[in-house]
Amino acid sequence: MPKKCLTKEQILQAAVCVVQQGGPSALSVRHIASVLGCSTQPLYSVFGSFSQLQEELLTFIRRRYLTARCTSYRGFAQAFLRFASEEPELFRFFYLRRRQGNEEPLEDVNEERIVRLLSQNLCMPPEQARQMHRRMQVHCYGLGVMIATGYGAMSREEIDRELTEFLSVMLRHYKGLTDETALAEWLTRSRHLTDGKEVLHEESGKSV
């Protein structure tokens, strides 16, 4: 019988389906091959090893599910938490896996772009913007874990309120704000992140 010709994209999408349906522990070459209706040999021909397939699956998830295009700082957080809510098994596979020594504990594929936009729009030195964002990351990561593991459900309104309240705390600290009018102004700026001539678009119905 001739070998079934498969592309990397097809194999990785099948791997996503395995994780979505059975959780991270279900991921195996045998289960992926079953979804594709083939033997395991074509998968090894494309990837060489299961560990290589896993690494490329992480890259696939980063590109397909985690790279966000938003017009507000809160929008980036909402995109992350939607992923936790809508794709809990993929969230667990990506964020709750055991990390290697050289891996970032809180990986954010949007971090460099976010820090640049925050620095520009909130008039912060880049390192200060990064420090603030790292603290927001920790807070959102905790919320994401709670949502993805079923520990606590949150409505969109509750998420919006939580994000606004915590960002307000961060802005008061990093901008040295004591006036509510000034705080409202900086919150508004965080909702309209632009980068020169670049215009950023959120998906319809997801703007804030």
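Brief remarks follow.
- Of all residues in the range 1-20 being at pLDDT below 95, hydrophobic (A, V, I, L, M, F, W, C) and in contact with a helix residue (DSSP H, G or I) (Cβ under 9 Å, 6 or more places away or on another chain), the one that is nearest to residue 92 (Cα to Cα): 6
- All told, residue 74 falls short of being closer than 28 Å to residue 192 by Cβ, under 18 Å from the mean Cα position of the chain (by Cα) and either modelled with pLDDT of 95 or more or not in a helix (DSSP H, G or I) (or both).
Okay, residues lined up against (1) part of a loop (DSSP other than H, G, I, E, B); (2) on the phi > 0 side of the Ramachandran plot:
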position	(1), (2)
134	no, no
141	no, no
147	no, no
150	yes, yes
157	no, no
161	no, no
178	yes, no
182	no, no
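- Of all positions in the range 89-102, at least one carries a residue that is modelled with pLDDT of 95 or more and charged (D, E, K, R).
- Failed criterion for residue 61 (all others in (1) crowded, with 18+ Cβ neighbours inside 10 Å; (2) of a type outside the set (Lys, Arg); (3) at pLDDT below 95 hold): (3)
- Scanning the range 68-103 for residues that are hydroxyl-bearing (Ser, Thr, Tyr) and out of contact with any Phe, Trp or Tyr (no Cβ under 8 Å at 6 or more places or on another chain) yields 71, 72, 73, 85.
The values are calculated or read from the model by the stated rules, or taken from the named source; none is laboratory data. Just so it is clear, the structure is predicted and the values come from calculations on it, not from any experiment. As a convention, Cβ positions derive from the backbone with ideal geometry for all residues, glycine included, and neighbour counts pool all protein chains shown.
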